[in-house]
Amino acid sequence: SSMSLKPLVDVHTHVYLPRYAAWLRSRSVAPKIMSAEGGEERLLILENEPSGGRPVGPQYWDRKEKLRFMDLHGIDISFVSTANPWLDFLSAADAHELTLGLNNDLEEYCSTGPSYSDSVLKRLYGLGLLPLVPGITVEAIVEAVNQIAAAPHLKGLIMGTKGIGKGLDDEALDPVWQAIEAASLVVFLHPHYGVDSNAWGDKDNGHVLPLALGFPFETATATARLILSGVFDRFPSLRILLAHSGGALPQLSSRLASCIDHDPVVASRLKHDARFYLGKLYFDAVAYGPEELGFVSEVVSRSKRFETGSTIKGEADRREGSQRMLFGTDHPFFPPLTSTEKWKSVVENLEAIASVPGWGESEKDGVRGGNALSLFGL
Ligand code: 5CU
């Protein structure tokens with residue numbers, strides 16, 4: 001069967017579908033796609049992005065380019081999601097309409113694409129969108145959840161950190177979590193806003209500080225808000241996959257737990273120690289280093305100490321925690337600056353998985369693909 005083939009599965013790979021790119025071309029403020037010299041186009045994701053944005057082309061929207069990239073890196077199956085900033089900048093009416101169109105487009109992108117080997121699996125699956133913008137009705141969001149649940153090749157959805165304007169800890173979102181949980185969809189939580197490039201200094205460092213440090217801090221903050229709001233107590237079967245290996249959260253989870261314990265506002269709010277909730281999450285393996293992957297797997301597994309009181313087992317913890325981690329590429333972002341065959345950003349993540357201290361071959365195979373097939377129910 002296909003399962004014995006040990007597929008390489010990418011859970012973090014993006015697209016701007018043609019319908020979305022057309023919308024970006026019609027805009028005069030970020031996010032926007034502008035025409036540049038020589039018939040080229042440039043993409044400005046954030047208004048203050050350095051050097052007038054970046055070159056953008058078929059890598060961002062053409063399915064043939066996605067498959068070419070997959071073939072070049074030996075990737076068998078990809079779970080494709082719209083790249084940031086999704087629909088965050090739209091009016092409620094536009095977001096509602098575009099959500100329904102883009103979810104249909106993504107289902108078609110996957111269903112009319114190639115099959116994986118001679119199996120019943122496809123090479124492309126999708127993570128849909130919800131119209132998460134201020135002023136939207138909860139009914140419109142739940143409608144999109146149901147649309148995704150009914151689309152055979154959409155296995156979850158991607159969302160940013162703003163909710164409908166008041167963050168992910170807004171209790172107005174409870175019916176949305178409930179619908180997502182009931183439909184067994186996976187939520188891929190992904191940052192966009194980061195931390196301003198001018199925070200605590202003003203040298204030009206390109207896009208590095210917001211991307212390398214701001215993105216992970218945004219993910220950590222949004223996830224901490226979810227934990228603090230008790231979402232995982234109310235919706236214990238909710239499955240949330242965090243971008244960039246959970247950002248800064250694994251490194252800071254004991255500090256988070258301690259701050260909660262010492263804060264009169266929240267000290268008695270949760271059923272469990274904050275670290276317990278990390279064991280309910282999934283983490284992509286987009287961290288670029290073996291030590292980081294090993295550390296995340298250990299922290300994830302440690303969460304069970306806060307449930308059963310079991311003790312630390314070191315490498316056994318890492319092996320168990322690895323089951324919550326899944327390979328990703330972040331394509332089409334991080335292309336090589338000078339021409340190379342394979343992309344360094346991909347090769348580095350694959351090498352990191354291959355050399356995590358304490359992971360055996362079966363854990364590595366799991367992170368490379370088996371865990372994704374289980375998480376997404378293939
Ligand atoms: O390079 C970037 O700006 C990005 C981005 O915007 N989103 C993402 O997922 N990765 C890199």
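The values are calculated or read from the model by the stated rules, or taken from the named source; none is laboratory data. All values derive from a computational prediction rather than experimental measurement. Positions of Cβ are generated from backbone atoms using ideal geometry, with glycine treated the same way; all protein chains shown enter the neighbour counts. In case anyone asks, the SASA skips ligands and DNA or RNA and just uses the protein heavy atoms, side chains included. Shrake-Rupley method; radii C 1.70, N 1.55, O 1.52, S 1.80 Å.
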Could you tell me what % of all Cα pairs in the stretch 262-329 have separations over 18 Å? 42 percent
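How high is the relative contact order of the chain, in percent, counting Cα pairs under 8 Å that sit 6 or more residues apart?
Dividing the mean separation by the residue count of the chain yields 15 percent.
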Karplus 3J(HN,Hα) series, Hz, for the stretch 120-125 with 6.51 cos²θ - 1.76 cosθ + 1.60 (x for Gly, Pro): 7, 7, 9, 7, 10, 10
Give me a comma-separated list of calculated 3J(HN,Hα) values for the stretch 251-263, in order, Karplus coefficients 6.51, -1.76, 1.60 applied at θ = phi - 60°, integers in Hz, x for any Gly or Pro. 5, 10, 6, 6, 5, 4, 4, 5, 5, 5, 4, 9, 10
Search the structure for amide H atoms under 5 Å from the amide H of Gly156, placed 1.01 Å from N in the peptide plane, and list their residues when 5 or more places away or on another chain. Gly128, Val186
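Before I look further, what does the stretch 1-42 give for accessible area per residue, probe 1.4 Å, in whole square angstrom?
51 Å²
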Tell me whether the chain comes out rounded, prolate or oblate; compute the Cα gyration tensor, take square roots of the eigenvalues as a ≥ b ≥ c, and use a/c under 1.5 as the rounded threshold. rounded
When each pair of different Cα atoms in the stretch 305-378 is counted once in the 1/r mean, what is the Kirkwood radius in angstroms, to one decimal? 14.1 Å
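Taking the solvent-accessible surface of protein heavy atoms with a 1.4 Å probe, what is the per residue accessible area of the stretch 337-378 in Å²? Please report the intermediate quantities before stating the final value.
Details: 2040 Å² over 42 residues.
Normalised by residue count, the accessible surface of the stretch 337-378 is 49 Å².
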For all pairs of alpha-carbon atoms in the stretch 1-159, what percent lies in each bin of width 5 Å, listed from the first bin to the last filled one? 2, 9, 17, 19, 18, 15, 11, 6, 3, 1, 0
Alpha-carbon centroid distance for the pair the stretch 212-236 / the stretch 74-98, whole angstrom: 20 Å
Per-residue HN-Hα couplings for the stretch 109-118, Karplus 6.51 cos²θ - 1.76 cosθ + 1.60 at θ = phi - 60°, whole Hz, x for Gly and Pro? 3, 7, 5, 8, x, x, 7, 8, 6, 9
Percent accessible area from carbon and sulfur atoms, the stretch 169-303, protein chains only, probe 1.4 Å: 54 percent
Step through the table entries Lys155/Lys280; Lys155/Lys364; Lys122/Lys342; Lys280/Lys364; Lys122/Lys304; Lys313/Lys364, compare each Cα-Cα distance with 26 Å, and write down the pairs that go over it. Lys122/Lys304
For Val15, list long-range residues whose amide hydrogen, built 1.01 Å from N in the peptide plane, is under 5 Å from its own amide hydrogen. Ser81, Thr82, Ala83
Can you list the equivalent-ellipsoid semi-axes of the stretch 8-54, largest first and in whole Å, using the square root of 5 times each Cα gyration tensor eigenvalue? 22, 13, 12
If DNA, RNA and ligands are ignored and the probe is 1.4 Å, what is the ranking of Lys32, Lys342 by accessible area, most exposed first? Lys342, Lys32
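First obtain the Kirkwood hydrodynamic radius of the stretch 180-226 from its Cα pairs, then insert it into the Stokes-Einstein equation at 4 °C and 1.567 mPa s, and state the resulting D in µm² per second as a whole number.
The Stokes-Einstein estimate is 106 µm²/s.
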For the stretch 90-214, how big is the tail of P(r) above 24 Å, as a whole percent of Cα pairs? 40 percent
Would you mind pulling out the separation of the Cα centroids of the stretch 101-141 and the stretch 158-182, in Å? 19 Å
Surface accessible to a 1.4 Å probe, per residue, for the residues of the stretch 260-309, Å²: 47 Å²
Cβ neighbours within 10 Å, averaged per peptide: list 110-120, 150-160, 268-278 in order, most packed at the top. 150-160, 268-278, 110-120
Along principal axes, Cα extents of the stretch 198-275, largest first, whole Å: 45, 29, 17
